[in-house]
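**Student:** Okay, handing you the structure first.
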Amino acid sequence: MRHLSYNTWVREPLRPTMTSPSSNTTSYHRVQPPSKSSHGTDEPCKVPGPGHSTKVSWRAPTTILLALLTGLGFALAHHFMGASLNNRPVEQVDISQAWVSRFSTALAFLVKLALATSVGAAYTQHQWQRLRQQDFRTSEIDALTSVLANAFSFLSSTVWLKHPVLALMALVSWCVALYVD
């Protein structure tokens with residue numbers, strides 16, 4: 001029975017490799033952790049840039065555009081539903097007022113969901129573009145990556161003054177999520 005070791009640094013099992021085809025011995029390849037000088041410090045670091053693949057996949061722009069168009073479609077459906085019911089007596093409507101309210105709430109939620117998805121995907125793409133272009137401190141990267149889940153990240157760094165487009169996109173994402181219909 002073979003046992004796999006567990007590499008705690010990268011948190012994935014080590015991969016067995018045969019040392020020679022004729023022998024039945026197996027060795028394991030371990031990834032070395034980073035040097036102590038760069039681990040746990042707040043020194044500037046740079047994400048691999050021009051020498052690495054910067055090819056944009058079709059998935060990201062498609063996700064952004066499709067979510068935006070879906071949100072627009074749900075918003076229009078919400079608007080036209082409300083416009084068709086405006087100034088009509090309750091007795092003249094085929095469905096109950098409770099179901100009208102449920103449909104309205106569901107459409108408003110779907111608008112929020114689609115728009116937040118679109119803005120979040122656009123933010124992530126712009127964030128990675130910025131990370132490839134310039135140096136950032138670890139605390140700045142932490143603030144950039146956590147702001148869509150934690151609004152207090154706006155307060156933790158001055159990176160927002162250097163990157164107003166990212167700040168605006170994060171703010172729009174929070175406004176869409178917090179907007180109450």
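The values are calculated or read from the model by the stated rules, or taken from the named source; none is laboratory data. Being a predicted model, the structure only gives us computed values, none of them experimental. Note that each Cβ is placed from the backbone with ideal geometry, even for glycine, and that neighbours are counted across all protein chains shown.
**Student:** Any idea which of Ile141, Ile95 is surrounded by 14 or more Cβ atoms within 10 Å (Cβ to Cβ) and either more than 17 Å from Val172 (Cβ to Cβ) or in contact (Cβ under 8 Å) with a residue 60 or more places away in the chain (or both)? It would help to see each step written out before you state the result.
**Tutor:** Numbers: Ile95 fails: surrounded by 14 or more Cβ atoms within 10 Å (Cβ to Cβ).
Being surrounded by 14 or more Cβ atoms within 10 Å (Cβ to Cβ) and either more than 17 Å from Val172 (Cβ to Cβ) or in contact (Cβ under 8 Å) with a residue 60 or more places away in the chain (or both) holds for just one of Ile141, Ile95, which is Ile141.
**Student:** Check Gly120 against each of (1) touching a strand residue (DSSP E or B) at 6+ places or on another chain (Cβ under 9 Å); (2) surrounded by 15 or more Cβ atoms within 10 Å (Cβ to Cβ) and name the one condition it does not meet.
**Tutor:** If we test Gly120 against (1) touching a strand residue (DSSP E or B) at 6+ places or on another chain (Cβ under 9 Å); (2) surrounded by 15 or more Cβ atoms within 10 Å (Cβ to Cβ), just (1) comes out false.
**Student:** Let me ask something else. Would you confirm whether any residue within segment 145-162 is of a type in the set (Lys, Arg) and in a helix (DSSP H, G or I)? Even if it seems obvious, please write down each step before you answer.
**Tutor:** Here is the first cut: in segment 145-162, the residues of a type in the set (Lys, Arg) are 162.
Going one step further and asking which of them are in a helix (DSSP H, G or I), we end up with 162.
There is at least one residue in segment 145-162 that is of a type in the set (Lys, Arg) and in a helix (DSSP H, G or I).
**Student:** Kindly check whether there is at least one residue in segment 113-120 that is farther than 20 Å from Ala60 by Cα, part of a helix (DSSP H, G or I), among the hydroxyl-bearing types (Ser, Thr, Tyr) and within 18 Å of the chain's Cα centre (by Cα).
**Tutor:** Residues of segment 113-120 farther than 20 Å from Ala60 by Cα: none.
For segment 113-120, residues farther than 20 Å from Ala60 by Cα, part of a helix (DSSP H, G or I), among the hydroxyl-bearing types (Ser, Thr, Tyr) and within 18 Å of the chain's Cα centre (by Cα): absent.
**Student:** To continue, here is another question. May I ask you to say which residue of Val90, Val100 is over 21 Å from Arg59 (Cα atoms), surrounded by fewer than 14 Cβ atoms within 10 Å (Cβ to Cβ) and free of Cβ contacts under 8 Å to residues at least 40 places away in the same chain? Talk me through it step by step, then tell me what you get.
**Tutor:** On the way: Val100 fails: surrounded by fewer than 14 Cβ atoms within 10 Å (Cβ to Cβ).
Sole residue among the options that is over 21 Å from Arg59 (Cα atoms), surrounded by fewer than 14 Cβ atoms within 10 Å (Cβ to Cβ) and free of Cβ contacts under 8 Å to residues at least 40 places away in the same chain: Val90.
**Student:** Here's another thing I want to ask about it. Inspect all residues belonging to segment 159-181 and state whether any of them is among the charged types (D, E, K, R) and under 27 Å from Ser104 (Cα atoms).
**Tutor:** We begin by selecting, within segment 159-181, every residue among the charged types (D, E, K, R); these are 162, 181.
Subsequent filtering for residues that are under 27 Å from Ser104 (Cα atoms) retains 181.
Within segment 159-181 (the criterion being among the charged types (D, E, K, R) and under 27 Å from Ser104 (Cα atoms)), the answer is yes, since at least one residue qualifies.
**Student:** Which members of segment 72-87 meet the condition of being in a helix (DSSP H, G or I) and either of a type in the set (A, V, I, L, M, F, W, C) or more than 30 Å from Arg59 (Cα to Cα) (or both)? Spell out the reasoning first.
**Tutor:** Within segment 72-87, the subset in a helix (DSSP H, G or I) is 72-85.
If the condition is that a residue be in a helix (DSSP H, G or I) and either of a type in the set (A, V, I, L, M, F, W, C) or more than 30 Å from Arg59 (Cα to Cα) (or both), then Leu72, Phe74, Ala75, Leu76, Ala77, Phe80, Met81, Gly82, Ala83, Ser84, Leu85 are the ones that fit.
**Student:** Name every residue in segment 45-88 that is among the polar types (S, T, N, Q) and modelled with pLDDT of 85 or more, in order of residue number. Please lay out each step first, then the result.
**Tutor:** Here is the first cut: in segment 45-88, the residues among the polar types (S, T, N, Q) are 53-54, 57, 62-63, 70, 84, 86-87.
Within segment 45-88, Thr62, Thr63, Thr70, Ser84, Asn86, Asn87 meet the criteria.
**Student:** Right, something else. Can you confirm whether Val100 is in the same structural domain as Ala67 (by TED's automatic domain parsing), farther than 20 Å from Leu68 by Cα, modelled with pLDDT of 85 or more and not acidic (Asp, Glu)? Before the answer, list the steps.
**Tutor:** Details: in the same structural domain as Ala67 (by TED's automatic domain parsing): yes; farther than 20 Å from Leu68 by Cα: yes; modelled with pLDDT of 85 or more: yes; not acidic (Asp, Glu): yes.
Taking the combined requirement at face value, the residue satisfies it.
**Student:** Give me the pairs, please: first residue somewhere in segment 153-181 and touching a residue at least 24 places away in the same chain (Cβ under 8 Å) and surrounded by fewer than 16 Cβ atoms within 10 Å (Cβ to Cβ), second residue anywhere and in a helix (DSSP H, G or I) and of a type in the set (Ser, Thr, Tyr), beta-carbon distance under 8 Å, and either six or more positions apart or on two chains.
**Tutor:** From residues that are touching a residue at least 24 places away in the same chain (Cβ under 8 Å) and surrounded by fewer than 16 Cβ atoms within 10 Å (Cβ to Cβ), the pairs are Asp181/Ser104; Asp181/Thr105.
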